[in-house]
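Engineer: Quick one: the structure is below, and I'll ask about it shortly.
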Amino acid sequence: GVMPTFGYETARSVGAGIIHNLMEDARTTSRWYVVVSMGRHAGHLALGMGKAAGATLVIIPEEFTRPKIGLADICDVLEGAIIKRRALGRPDGLAVIAEGLASKLADDDLKELERQKLATLESDEFGNPRLSEVNLGRAVRAEIVRRFAARRIKLAIVEKAIGYELRSAPPVPFDCEYTRDLGYAA
């Protein structure tokens, strides 16, 4: 019940390292990063990486109880965090966003993203939408920049997606031991 799936600890470790490095860049350049993390149906990995690295904000699908949400709902949370940080004298920050949020987007928002060439509405061989074909980070970035421009505030914000590099890393000792134990027990 409390054991993670094999590979989780490795992915979290690698992701937390990337996030930590980006947070230092954000701090020294006074900008924001929007990091979209792999995770189709759950925000566990995004949350684990964000907590481990001390990210400013983590937004995961589990936070939204409605089956469908708008891009505006995600941006409202991020916008609030940016405003609060700025009020505290911090023009920088990093938000981790789970890619699974794209699967909760309302059809109208997905169609608009496709019209803007920020999404290709295709399905994989199992009928699931290809979340990697929805550029959630770029869409969130564009909306946040638009909102702050309306306030006459220039906001430096960079979007970054992390995914495949997390599951291609050499395993950390926990995952090595765990998978060997599973194999031995099998």
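The values are calculated or read from the model by the stated rules, or taken from the named source; none is laboratory data. Being a predicted model, the structure only gives us computed values, none of them experimental. Cβ coordinates were reconstructed from backbone atoms using ideal geometry, including for glycine residues, and neighbour counts include every protein chain displayed. Calculation scope for accessible area: heavy atoms of the full protein, side chains included, ligands and nucleic acids excluded. Shrake-Rupley method; radii C 1.70, N 1.55, O 1.52, S 1.80 Å.
Engineer: Go through S168, S123, S103 for me and flag whichever is within 23 Å of P4 (Cβ to Cβ) and free of Cβ contacts under 8 Å to residues at least 40 places away in the same chain. Steps first, answer last, please.
Structural biologist: On the way: S123 fails: within 23 Å of P4 (Cβ to Cβ); S103 fails: free of Cβ contacts under 8 Å to residues at least 40 places away in the same chain.
None of the other options fit; the residue is S168.
Engineer: Would you mind telling me which numbered condition in (1) without any contact (Cβ under 8 Å) to a residue 12 or more places away in the chain; (2) farther than 21 Å from D109 by Cβ; (3) assigned to a helix (DSSP H, G or I) L22 fails?
Structural biologist: It fails just one condition, (1).
Engineer: Another question about this same structure. Could you please find all residues in the stretch 73-97 being in a helix (DSSP H, G or I), under 16 Å from R31 (Cβ atoms) and aliphatic (A, V, I, L, M)?
Structural biologist: Here is the first cut: in the stretch 73-97, the ones in a helix (DSSP H, G or I) are 73-87.
Going one step further and asking which of them are under 16 Å from R31 (Cβ atoms), we end up with 78-79, 81-83, 85-86.
Once the filter is applied, which keeps residues that are in a helix (DSSP H, G or I), under 16 Å from R31 (Cβ atoms) and aliphatic (A, V, I, L, M), the stretch 73-97 yields L78, A81, I82, I83.
Engineer: Where the second residue is assigned to a loop (DSSP other than H, G, I, E, B) and open to solvent by 10 Å² or more (accessible area, probe 1.4 Å) and the first is touching a residue at least 24 places away in the same chain (Cβ under 8 Å) and acidic (D, E) and lies in the stretch 86-98, which pairs have Cβ atoms under 9 Å and are six or more apart or on separate chains?
Structural biologist: D92/S30; D92/R31; D92/T56; D92/A156
Engineer: In the set I153, I162, I157, which member is more than 25 Å from N21 (Cβ to Cβ), open to solvent by less than 60 Å² (accessible area, probe 1.4 Å) and of a type outside the set (D, E)? Break it down stepwise before answering.
Structural biologist: Details: I162 fails: more than 25 Å from N21 (Cβ to Cβ); I157 fails: more than 25 Å from N21 (Cβ to Cβ).
Answer to the selection: I153.
Yes/no matrix, rows are residues, columns are (1) modelled with pLDDT under 95; (2) in contact with a helix residue (DSSP H, G or I) (Cβ under 8 Å, 6 or more places away or on another chain):
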residue	(1), (2)
I97	no, yes
A106	yes, no
A119	yes, yes
V134	yes, yes
A139	yes, yes
I144	no, yes
K160	no, yes
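Engineer: Which condition from (1) touching a Pro at 6+ places or on another chain (Cβ under 9 Å); (2) closer than 15 Å to L105 by Cα is the one that G70 breaks?
Structural biologist: (1)
Engineer: To continue, here is another question. Does the stretch 135-145 contain any residue that is under 20 Å from R90 (Cα atoms), hydrophobic (A, V, I, L, M, F, W, C) and open to solvent by 50 Å² or more (accessible area, probe 1.4 Å)?
Structural biologist: no
Engineer: Right, another one. What residue, among those in the stretch 171-186 that are in contact (Cβ under 8 Å) with a residue 40 or more places away in the chain and part of a helix (DSSP H, G or I), is surrounded by the fewest Cβ atoms within 10 Å (Cβ to Cβ)? It would help to see each step written out before you state the result.
Structural biologist: Filtering the stretch 171-186 down to residues in contact (Cβ under 8 Å) with a residue 40 or more places away in the chain leaves 171-172, 174-175, 178-179, 182.
Now narrow it down to the ones that are part of a helix (DSSP H, G or I): 174-175, 178-179, 182.
Values: F174: 15, D175: 20, Y178: 19, T179: 13, L182: 11.
So the residue we want is L182.
Engineer: Under the condition of being more than 12 Å from the chain's Cα centre (by Cα) and open to solvent by less than 10 Å² (accessible area, probe 1.4 Å), which residue from the stretch 70-91 is farthest from A139 (Cα to Cα)? I'd like the intermediate steps shown before the answer.
Structural biologist: Our first condition is that a residue be more than 12 Å from the chain's Cα centre (by Cα); within the stretch 70-91, this holds for 70-73, 75-77, 79-91.
Adding the requirement that they be open to solvent by less than 10 Å² (accessible area, probe 1.4 Å) leaves 75, 82.
Working: C75: 9, I82: 17 Å.
Across the stretch 70-91, the extreme among qualifying residues is I82.
Engineer: Which condition number in (1) of a type in the set (D, E, K, R); (2) more than 30 Å from S30 (Cα to Cα); (3) open to solvent by 50 Å² or more (accessible area, probe 1.4 Å) is the one that K104 fails?
Structural biologist: The single condition K104 does not satisfy is (3).
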